[in-house]
Amino acid sequence: MCGIFGYVANGHVSPELVVDGLRRLEYRGYDSWGIASLNAGQDVQITKAVGKISKTSPEQLDRLRDPATLAMGHTRWATHGEPNETNAHPHRSQSGRIVVVHNGIIENHRELRHLLESEGYVFKSQTDTEVIAHLLDRNLRYTHRFDEALSLTVLELKGAFGLAVMDIQQPDRLFAVRLGSPLVVGVDDGRCLISSDANALAIYTKQVIYLDDGEWAEVTREGVTTYDFHRAATGKIAEQIEIDVAASELGSFRHYMLKEMYDQPESLRNALRGRLQRSEATVRLAGLDDLGERYRPERVKILACGSSWHAGLVGRYFFEELARMPTEVEYSSEFRYRNAVIEPGTLVIAMSQSGETADTLAGLRESKRRGAQALGVVNVVGSSIARECGRGVYLHAGHECGVAATKSFTNQLVVLLMLAVHFGRQRGMSIRQGLELLDSLERLPELAEQVLKTDEQIRQVSEEYVDATNFLYIGRSMEFPIALEGALKLKEVSYIHAEGLPAAELKHGPIALITPEMPTVVIATQSFILDKVASNVQEIKARGGRIIAIVSEENDAFHSLADHVVTVPTAHDFVSPILATIPTQLLAYHLAVLRGCDVDQPRNLAKSVTVE
Ligand code: M6R
């Protein structure tokens, strides 16, 4: 949450470059923005505005156009204090010497504020960030050495922070500091850059240094030196990243969410590529290699949040059915504060698109502390979870810019299914069943292409429901979590309230809600449980509820029951829920567009949740 971008250049820095960097980071927060630049004469210029950086006008940048040697900016997701210009970053210390942008939360900001106020510091904003600027300024008075003062300051802060710090007496360098919120430094010819993620740097340089927690970097145009918080050099050197910048461009699509739904056939192909091993009727995942051939976990615990948690719930069916491995799926935020029992032989899977979700990262650390074997299932290469797990399976979904998880979710399902086949084959799954699953996985990208052809039909269906204020989503077995995910998608992009339920739970209470004004989306592609879902749908129909059914082609049981039937190609029962996800994404998208919502950057949300 919150994006930081800055750079130190050989020559004059351009505000447009900082704007471009922040635009690429806008998915992390977009309620306000600010940029500061500094020149050799120690003049600081700061400009701030409420709203999105992508809506910046050239006039707003005019103030920054004076020749400057460095610049840094911030795009905000408000935590402390409403989104207004005063609370927007950068924040400047009382003496004016220090300028700071911050991603994260300072948990002891109240105590620090009282201390600083008692010493005469006057605060202008309601943010926790302003304490950092004043505290560093104060510590400089005591020590006179910048590195000592910075060390004292960061050791006094509690919470999570990624910081870019400007000291106007050092107009040739920026400081990037990391504890719990990601920061990456890019090294280029004649300039060095700071960013909250490597994707925003990739257009400028492929040479990056990932800062670890408890580390800061002194960034000059000649290069980067890294230190720990006690000022000992850590000697980090740049590594090469492989990021396809073109893949993040919108192209002819109207929204990233639409593009990313249409990316799915290709992203699924990328997730499968080189991993299906027909000769052994199994799946080979390089991320498991260092655990050795004989590694056989007894049980699985999946830690995740949001859509990743829903994917984990589907994964539980995969692991239990195909590998007979007891599986628990936990909200990372609950797990981390629970005195959870992790039995020997447990494989903990930290699942996260961004690889930066604060609660999942904390849950991962807690389970490692308790001796669990950890595996990351992550999309963003080089992210904190990927690096802290040390081993994992990448989703290969490509950069996902829309706040709503789409292609990362379907790739999570595929990766979990591949893991279940891998462990299943170690634990008695027959060659025949292994090959059946490999066949159906191989066909999946092509079938996903066919499902996308329902786009126009779903757009037309959406027109009938544009004024709905509530929706129910129901499914059974593996399609219960798909119902949860469909409901989440609808809520976050269209702001229509929705609830996902196991279909059979309706009659235990929620059926009381059924009226013609409460549409129900029924997800029913798994053949083995079809009749049971059909009975649940009869009960809705009998009470006048409107029904949108997502079913397999060969299933005609719902045609007489549902108001609208969306068909997906018939596939293996373990694969069809993946296909059934796509129409739920399209429905949420079209309803959001018809209602005039900002689908890619819905209100109050951010793509990467790096605070608790
Ligand atoms: O990056 P992660 O997968 O760890 O993110 C977890 C959730 O924040 C995320 O899935 C969120 O629920 C999405 N906005 C859902 O579309």
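Ala420 passes every criterion in (1) without any contact (Cβ under 8 Å) to a residue 12 or more places away in the chain; (2) open to solvent by less than 10 Å² (accessible area, probe 1.4 Å) apart from (1). Within the stretch 369-392, being in a helix (DSSP H, G or I) and over 24 Å from Ile209 (Cβ atoms) holds for one residue alone: Arg369. For the stretch 502-514, residues that are charged (D, E, K, R) and either within 15 Å of the ligand (Cβ to nearest atom) or open to solvent by less than 10 Å² (accessible area, probe 1.4 Å) (or both) total 0.
Within the option set Leu594, Leu501, Leu579, being of a type outside the set (Phe, Trp, Tyr) and out of contact with any Pro (no Cβ under 8 Å at 6 or more places or on another chain) holds for one residue only, Leu594. Leu587 meets the conditions (1) at pLDDT 90 or above; (2) within 16 Å of the ligand (Cβ to nearest atom); (3) part of a loop (DSSP other than H, G, I, E, B); (4) among the hydrophobic types (A, V, I, L, M, F, W, C) in every case but one. The failed one is (3). Scanning the stretch 214-235 for residues that are buried (at least 18 other Cβ atoms within 10 Å of the Cβ) and not hydroxyl-bearing (Ser, Thr, Tyr) yields Glu215, Trp216, Ala217, Glu218, Val219, Arg221, Val224, Phe229.
Checked against the criterion of being in a helix (DSSP H, G or I), open to solvent by 20 Å² or more (accessible area, probe 1.4 Å) and farther than 19 Å from Ala487 by Cα, the candidates Glu539, Glu554, Glu612 yield just one match: Glu539.
For the structure I just gave you, tell me whether Arg296 is surrounded by fewer than 23 Cβ atoms within 10 Å (Cβ to Cβ) and over 26 Å from the mean Cα position of the chain (by Cα). Here the answer is yes, as Arg296 does meet what is asked. Output the residues belonging to the stretch 330-347 that are assigned to a helix (DSSP H, G or I) and either open to solvent by less than 60 Å² (accessible area, probe 1.4 Å) or over 23 Å from Ile482 (Cβ atoms) (or both). Residues satisfying the conditions are Ser332, Ser333, Phe335. If we scan the stretch 130-143, do we find a residue that is part of a loop (DSSP other than H, G, I, E, B) and at pLDDT below 95? There is no residue in the stretch 130-143 that is part of a loop (DSSP other than H, G, I, E, B) and at pLDDT below 95. Scanning the stretch 352-372 for residues that are aliphatic (A, V, I, L, M) and within 16 Å of the ligand (Cβ to nearest atom) returns Ala358, Leu361, Ala362, Leu364. The residue of the stretch 308-329 that is surrounded by the most Cβ atoms within 10 Å (Cβ to Cβ), among those that are more than 17 Å from Val393 (Cβ to Cβ) and within 13 Å of the ligand (Cβ to nearest atom), is His310.
Scan the stretch 479-501 and tell me whether some residue there is farther than 23 Å from His572 by Cα, open to solvent by less than 10 Å² (accessible area, probe 1.4 Å), polar (S, T, N, Q) and within 16 Å of the ligand (Cβ to nearest atom). Scanning the stretch 479-501, I find at least one residue that is farther than 23 Å from His572 by Cα, open to solvent by less than 10 Å² (accessible area, probe 1.4 Å), polar (S, T, N, Q) and within 16 Å of the ligand (Cβ to nearest atom), so the answer is yes. State whether one or more residues within the stretch 34-42 are under 25 Å from the mean Cα position of the chain (by Cα) and crowded, with 18+ Cβ neighbours inside 10 Å. Yes, the stretch 34-42 has at least one match. Ala78: among the small types (Gly, Ala, Ser), assigned to a loop (DSSP other than H, G, I, E, B), modelled with pLDDT under 95 and open to solvent by 10 Å² or more (accessible area, probe 1.4 Å), yes or no? Yes; evaluated as a whole, the condition is true for this residue. Contact map, the stretch 582-598: first residue basic (Lys, Arg), second residue at pLDDT 95 or above, Cβ cut-off under 7 Å, separation 6 or more or different chains; pairs are Arg595/Val466; Arg595/Ser494.
Reported count of residues in the stretch 373-385, each being within 15 Å of the chain's Cα centre (by Cα), open to solvent by 20 Å² or more (accessible area, probe 1.4 Å) and more than 9 Å from the ligand (Cβ to nearest atom), is 1.
The values are calculated or read from the model by the stated rules, or taken from the named source; none is laboratory data. Not measured: the values here are computed from a predicted model. No Cβ is skipped: glycine too gets one built from the backbone with ideal geometry, and neighbour counts run over all protein chains shown. The area values use the complete protein model at the heavy-atom level, side chains included, leaving out ligands, DNA and RNA. Shrake-Rupley method; radii C 1.70, N 1.55, O 1.52, S 1.80 Å.
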